[in-house]
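**Q** Here it is: the structure, laid out below.
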Amino acid sequence: MQALIIIGHGSHLNAESSAPVYAHAAAIRATGAFHEVRECFWKEEPSMREVFDLVEADDVYVVPLFISEGYFTEEVIPRELGLDGPAPSVTRKLGKTIRYTGPVGTHPSMSRMILRRAEESAGLTDEQARRAGLIIIGHGTERNSNSAEVIYRVSREADEAGVFGHVRTGFLDQEPEVGEVLEAMEERSVVLVPFFVAEGWHTQETIPDDLGINRPAVSPVTEKDGRTVFYASPVGTFPEIARIVLERAREAGAHIPDGVAVGEAAGV
Amino acid sequence: MSDAPRVRGAHAPGGIPDARRALVEWVDAAGDAGRTFLQVRLLRTGDGLYEIRHARDVHRSILSLETVTSDPYAARPIAQMTNGGEHRPLKTAPNLRQGWALVDLDARALWTALDYLYPACALHWHAELAGTLRVTHWREVAARQSGMYGAVKLLPADVVRNTVRACCGDAVCLRRVAWNVDADTPLDLPSEGETTGEALVPCPEACSMFVSFARQVLVLERAPRMELTGLGRLGVEEIEQVREIATAAAAGTLGAAREGEFGEGTNSRRMRYLALRLAEEKARIGDLPAPELPCEGCPKAVPCRGCPMVA
């Protein structure tokens with residue numbers, strides 16, 4: 001028997017943070033690829049400290065629904081789960097073999113998924129997308145360069161794919177600041193994709209307010225300075241993320257039968 | 001060390017199957033009365049079939065309930081929000097919403113549904129009964145914290161005790177704290193009396209809400225305090241908190257602060273902590289002596305007797 005555990009940050013304050021974890025877990029549960037699929041969190045229940053007690057299977061795959069490698073994936077999660085090391089690692093304890101994988105955000109298929117999602121959520125044809133710009137928005141921090149690195153890499157891969165006219169990177173807490181990046185875009189039509197795991201204060205309020213565009217609760221589209229700006233949902237909420245979670249588990253050795261497809265209805 | 005990482009989590013040597021069997025037998029033995037587990041009632045409704053409802057909904061007609069389903073995973077969104085639509089970061093807070101029934105559950109589905117309403121609780125209940133609960137004491141939990149929570153290890157034992165009383169009482173969490181400051185330093189908590197429901201669900205280790213609250217307490221405890229006549233030694237933030245509480249109570253907005261919003265003076269755990277602090281100071285300074293000054297504008301001499309204003 002094999003079990004999948006998806007780890008999220010969770011929040012003491014709002015339900016949005018854990019919502020994508022539950023949605024992707026439900027989508028994967030519906031495929032029947034795992035005997036058990038369980039969610040656990042840093043700030044909500046069940047906690048990481050008790051999650052291995054909550055699955056019966058001996059083969060356990062642990063996938064963090066995080067954007068980048070860093071403090072949480074390399075320090076907090078291995079410590080709280082009592083693992084032998086950061087991903088990729090194999091720990092044998094409690095009669096179980098526990099395989100810990102890298103976060104979803106660093107998976108190589110991330111850039112393709114973002115491109116497809118950006119096109120779809122803005123309702124652009126391939127031709128329209130080639131004439132549009134795409135900005136991938138990261139939180140960024142001066143303290144940890146990993147979070148910026150993954151976003152730069154994904155942006156570079158997305159740019160090289162040639163689906164959009166230009167793909168650029170903008171941050172909230174470091175240079176280049178997203179507002180300046182948007183101003184400098186040549187395209188009349190720009191899609192913004194927040195490289196965040198879940199909806200929250202930044203995606204719903206601070207980003208749109210700072211950019212002077214509609215909050216997503218009002219409209220995903222804003223006409224501004226002769227330009228059409230499409231504001232997409234955060235990447236962690238895309239239904240395709242469930243596929244990346246499955247892919248992470250498969251790469252770690254999980255048996256996923258050919259033809260297993262994660263339903264599209266699992267959007268958050 | 002009470003709990004090496006290698007064995008951590010092994011509350012249930014027999015695993016889930018043992019605990020599930022014990023739960024089902026316990027519910028079966030109760031017959032038509034069912035069993036109350038924290039805030040829900042578990043009832044055998046047929047051959048190998050079970051129902052879960054909020055304990056306060058047991059006498060309601062099933063037609064009057066908004067959600068009736070045989071999907072055990074429906075327990076997850078039920079446990080997410082209070083009746084008022086507030087996020088529930090702690091599933092054992094005594095604010096589980098009403099108006100639902102999970103029906104036609106087999107033993108596995110009963111277990112799954114209960115585990116989404118109350119994560120790990122049935123397992124810990126069984127481990128407590130079986131004597132296999134693994135407890136991690138506070139000093140060990142605090143020692144492994146890092147980053148913004150690293151400082152919680154500085155909390156002295158008596159402050160940890162008050163923090164537990166404020167953060168973990170039945171009014172805010174239905175689990176019963178099973179851990180101590182460390183193996184040699186008991187928490188010595190006052191008795192909370194009967195448990196809610198028929199099952200004692202132990203808390204084997206401080207949760208993330210506690211760690212986060214402890215960090216807030218540390219800030220309050222490290223603030224300089226001044227002696228205030230009649231109130232005792234209070235910090236500036238504590239004095240401001242008294243004002244905030246009075247203002248919110250007067251405006252009818254007390255209770256608006258979210259459960260995990262520990263920066264707010266009107267947060268329920270913050271108020272519980274302040275109440276303990278004020279009681280502690282009162283015990284130290286004793287009752288305020290009778291005033292020896294006349295009331296403002298009163299011509300009468302001191303001590304005052306038979307004040308016409310009072311009459």
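Rundown of residues vs (1) over 30 Å from A:Thr101 (Cα atoms); (2) part of a loop (DSSP other than H, G, I, E, B), yes/no style:
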residue	(1), (2)
A:Glu199	no, yes
A:His202	no, no
A:Asp209	yes, no
A:Ala254	no, yes
A:Gly259	no, yes
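**Q** Continuing with the same structure: Determine which member of the set B:Thr82, B:Thr69 is among the β-branched types (Val, Ile, Thr) and within 13 Å of chain A (Cβ to nearest Cβ). Spell out how you get there, then give the answer.
**A** On the way: B:Thr69 fails: within 13 Å of chain A (Cβ to nearest Cβ).
Result of the check over B:Thr82, B:Thr69: B:Thr82.
**Q** What about B:Ala256, is it within 14 Å of chain A (Cβ to nearest Cβ), open to solvent by 60 Å² or more (accessible area, probe 1.4 Å) and at negative phi?
**A** Numbers: within 14 Å of chain A (Cβ to nearest Cβ): yes; open to solvent by 60 Å² or more (accessible area, probe 1.4 Å): yes; at negative phi: yes.
Judged against the criteria, B:Ala256 is a match.
**Q** Right, next: Taking segment B:241-253, which residues are more than 27 Å from B:Cys207 (Cβ to Cβ) and surrounded by 13 or more Cβ atoms within 10 Å (Cβ to Cβ)?
**A** Within segment B:241-253, the first condition is being more than 27 Å from B:Cys207 (Cβ to Cβ), and the residues that meet it are B:242-243, B:246-247, B:249-253.
Residues satisfying the conditions are B:Val242, B:Thr247.
**Q** Without any contact (Cβ under 8 Å) to a residue 12 or more places away in the chain, within 14 Å of chain A (Cβ to nearest Cβ) and more than 20 Å from B:Val164 (Cα to Cα), is that true of B:Ala249?
**A** For B:Ala249, the condition - without any contact (Cβ under 8 Å) to a residue 12 or more places away in the chain, within 14 Å of chain A (Cβ to nearest Cβ) and more than 20 Å from B:Val164 (Cα to Cα) - is not met.
**Q** Being under 20 Å from A:Ala118 (Cα atoms) and open to solvent by less than 30 Å² (accessible area, probe 1.4 Å) is the filter here; which residues of segment A:246-266 pass it? Even if it seems obvious, please write down each step before you answer.
**A** If we filter segment A:246-266 for residues that are under 20 Å from A:Ala118 (Cα atoms), which is where we start, we get A:262-266.
Once the filter is applied, which keeps residues that are under 20 Å from A:Ala118 (Cα atoms) and open to solvent by less than 30 Å² (accessible area, probe 1.4 Å), segment A:246-266 yields A:Val262, A:Ala266.
**Q** While we're on this one: Among the residues that make up segment B:205-216, is at least one of them among the hydrophobic types (A, V, I, L, M, F, W, C) and more than 14 Å from every other protein chain (Cβ to nearest Cβ)?
**A** No; the residues of segment B:205-216 include none that is among the hydrophobic types (A, V, I, L, M, F, W, C) and more than 14 Å from every other protein chain (Cβ to nearest Cβ).
**Q** Also: Among the candidates A:Val163, A:Val167, single out the residue that is in contact with a Leu (Cβ under 9 Å, 6 or more places away or on another chain), surrounded by 14 or more Cβ atoms within 10 Å (Cβ to Cβ), not hydroxyl-bearing (Ser, Thr, Tyr) and not in a strand (DSSP E or B).
**A** Values: A:Val167 fails: not in a strand (DSSP E or B).
The conditions single out A:Val163.
**Q** Does segment B:76-94 contain at least one residue that is aliphatic (A, V, I, L, M) and over 23 Å from the mean Cα position of the chain (by Cα)? Before you say what the answer is, go through the steps one by one.
**A** In the first step, residues of segment B:76-94 are kept if they are aliphatic (A, V, I, L, M); the result is B:78-79, B:81, B:90, B:93.
Filter once more, keeping what is over 23 Å from the mean Cα position of the chain (by Cα): none.
The answer is no; no qualifying residue exists.
**Q** I'm checking my understanding of the structure. Among residues of segment A:121-146 that are assigned to a loop (DSSP other than H, G, I, E, B) and in contact with a Leu (Cβ under 8 Å, 6 or more places away or on another chain), which one is farthest from A:Leu4 (Cα to Cα)? Quick ask: steps written out before the conclusion?
**A** Our first condition is that a residue be assigned to a loop (DSSP other than H, G, I, E, B); within segment A:121-146, this holds for A:123-125, A:131-132, A:139-144.
Next cut, in contact with a Leu (Cβ under 8 Å, 6 or more places away or on another chain) only: A:132, A:139-140.
On the way: A:Ala132: 39, A:His139: 28, A:Gly140: 30 Å.
The residue in question is A:Ala132.
**Q** Also: Please go through segment A:176-209 and pick out each residue that is of a type in the set (D, E, K, R) and open to solvent by 30 Å² or more (accessible area, probe 1.4 Å).
**A** Residues of segment A:176-209 of a type in the set (D, E, K, R): A:177, A:180, A:183, A:186-188, A:199, A:205, A:209.
Residues satisfying the conditions are A:Glu177, A:Glu180, A:Glu183, A:Glu186, A:Arg188, A:Glu199, A:Glu205, A:Asp209.
**Q** I would also like to ask the following. Please give the number of the condition A:Ser47 fails out of (1) modelled with pLDDT of 95 or more; (2) in contact with a Gly (Cβ under 7 Å, 6 or more places away or on another chain).
**A** Status for A:Ser47: all satisfied but (2).
**Q** So which of A:Phe72, A:Phe52, A:Phe34, A:Phe66 ends up being open to solvent by 20 Å² or more (accessible area, probe 1.4 Å), touching a helix residue (DSSP H, G or I) at 6+ places or on another chain (Cβ under 8 Å) and of a type in the set (Phe, Trp, Tyr)?
**A** Working: A:Phe72 fails: touching a helix residue (DSSP H, G or I) at 6+ places or on another chain (Cβ under 8 Å); A:Phe52 fails: open to solvent by 20 Å² or more (accessible area, probe 1.4 Å); A:Phe34 fails: open to solvent by 20 Å² or more (accessible area, probe 1.4 Å).
Just a single option satisfies the conditions, and that option is A:Phe66.
**Q** Next question. Evaluate the following for A:Arg112: is it open to solvent by 60 Å² or more (accessible area, probe 1.4 Å), of a type in the set (D, E, K, R) and farther than 21 Å from B:Val141 by Cβ? First the steps, then the outcome.
**A** Numbers: open to solvent by 60 Å² or more (accessible area, probe 1.4 Å): yes; of a type in the set (D, E, K, R): yes; farther than 21 Å from B:Val141 by Cβ: yes.
Criteria met by A:Arg112.
**Q** Quick check on A:Ser89: is it within 14 Å of the chain's Cα centre (by Cα) and either more than 20 Å from A:Ser11 (Cβ to Cβ) or surrounded by fewer than 21 Cβ atoms within 10 Å (Cβ to Cβ) (or both)?
**A** Values: within 14 Å of the chain's Cα centre (by Cα): no; either more than 20 Å from A:Ser11 (Cβ to Cβ) or surrounded by fewer than 21 Cβ atoms within 10 Å (Cβ to Cβ) (or both): yes.
Here the answer is no, as A:Ser89 does not meet what is asked.
**Q** Working carefully through the options B:Glu296, B:Glu238, find the one that is at pLDDT below 95 and either open to solvent by 60 Å² or more (accessible area, probe 1.4 Å) or closer than 30 Å to B:Gly85 by Cα (or both).
**A** Details: B:Glu238 fails: at pLDDT below 95.
From the options B:Glu296, B:Glu238, the qualifying one is B:Glu296.
**Q** In segment A:170-194, how many are in contact (Cβ under 8 Å) with a residue 24 or more places away in the chain and part of a loop (DSSP other than H, G, I, E, B)?
**A** Of the residues in segment A:170-194, the ones in contact (Cβ under 8 Å) with a residue 24 or more places away in the chain are A:170-174, A:178-179, A:181-182, A:185-194.
Then drop every residue that is not part of a loop (DSSP other than H, G, I, E, B), which leaves A:172-174, A:185-188.
So the answer is 7.
**Q** Of all residues in segment B:139-173 being within 14 Å of chain A (Cβ to nearest Cβ) and in contact with a strand residue (DSSP E or B) (Cβ under 9 Å, 6 or more places away or on another chain), which is nearest to B:Arg222 (Cα to Cα)? Lay out the reasoning, then the answer.
**A** Let us first name the residues in segment B:139-173 that are within 14 Å of chain A (Cβ to nearest Cβ), namely B:140-150, B:167, B:172-173.
Okay, now just the ones that are also in contact with a strand residue (DSSP E or B) (Cβ under 9 Å, 6 or more places away or on another chain), so B:140, B:173.
On the way: B:Glu140: 22, B:Cys173: 26 Å.
Among them, the one singled out is B:Glu140.
**Q** Another question about this same structure. Within segment A:99-106, identify whether any single residue is farther than 23 Å from A:Arg243 by Cα and either open to solvent by 30 Å² or more (accessible area, probe 1.4 Å) or among the polar types (S, T, N, Q) (or both), and answer yes or no.
**A** Here is the first cut: in segment A:99-106, the residues farther than 23 Å from A:Arg243 by Cα are none.
Among the residues of segment A:99-106, not one is farther than 23 Å from A:Arg243 by Cα and either open to solvent by 30 Å² or more (accessible area, probe 1.4 Å) or among the polar types (S, T, N, Q) (or both), which makes the answer no.
**Q** Can you tell me which residues in segment A:211-248 are over 30 Å from A:Ile98 (Cβ atoms), touching a Ser or Thr at 6+ places or on another chain (Cβ under 9 Å) and not hydrophobic (A, V, I, L, M, F, W, C)?
**A** The initial filter retains those residues of segment A:211-248 that are over 30 Å from A:Ile98 (Cβ atoms), namely A:211-233.
Pick out the ones that are also touching a Ser or Thr at 6+ places or on another chain (Cβ under 9 Å) and you get A:211-214, A:216, A:220-222, A:227-233.
Scanning segment A:211-248 gives A:Gly212, A:Asn214, A:Pro216, A:Pro220, A:Thr222, A:Arg227, A:Thr228, A:Tyr231, A:Ser233.
The values are calculated or read from the model by the stated rules, or taken from the named source; none is laboratory data. If you're wondering where the values come from, they're calculated on a predicted model, not measured in any experiment. Heads up, the Cβs are rebuilt from the backbone with ideal geometry, glycines too, and the neighbour counts pull from every protein chain shown. Just the protein is used for accessible areas: all its heavy atoms, side chains included, with ligands, DNA and RNA removed. Shrake-Rupley method; radii C 1.70, N 1.55, O 1.52, S 1.80 Å.
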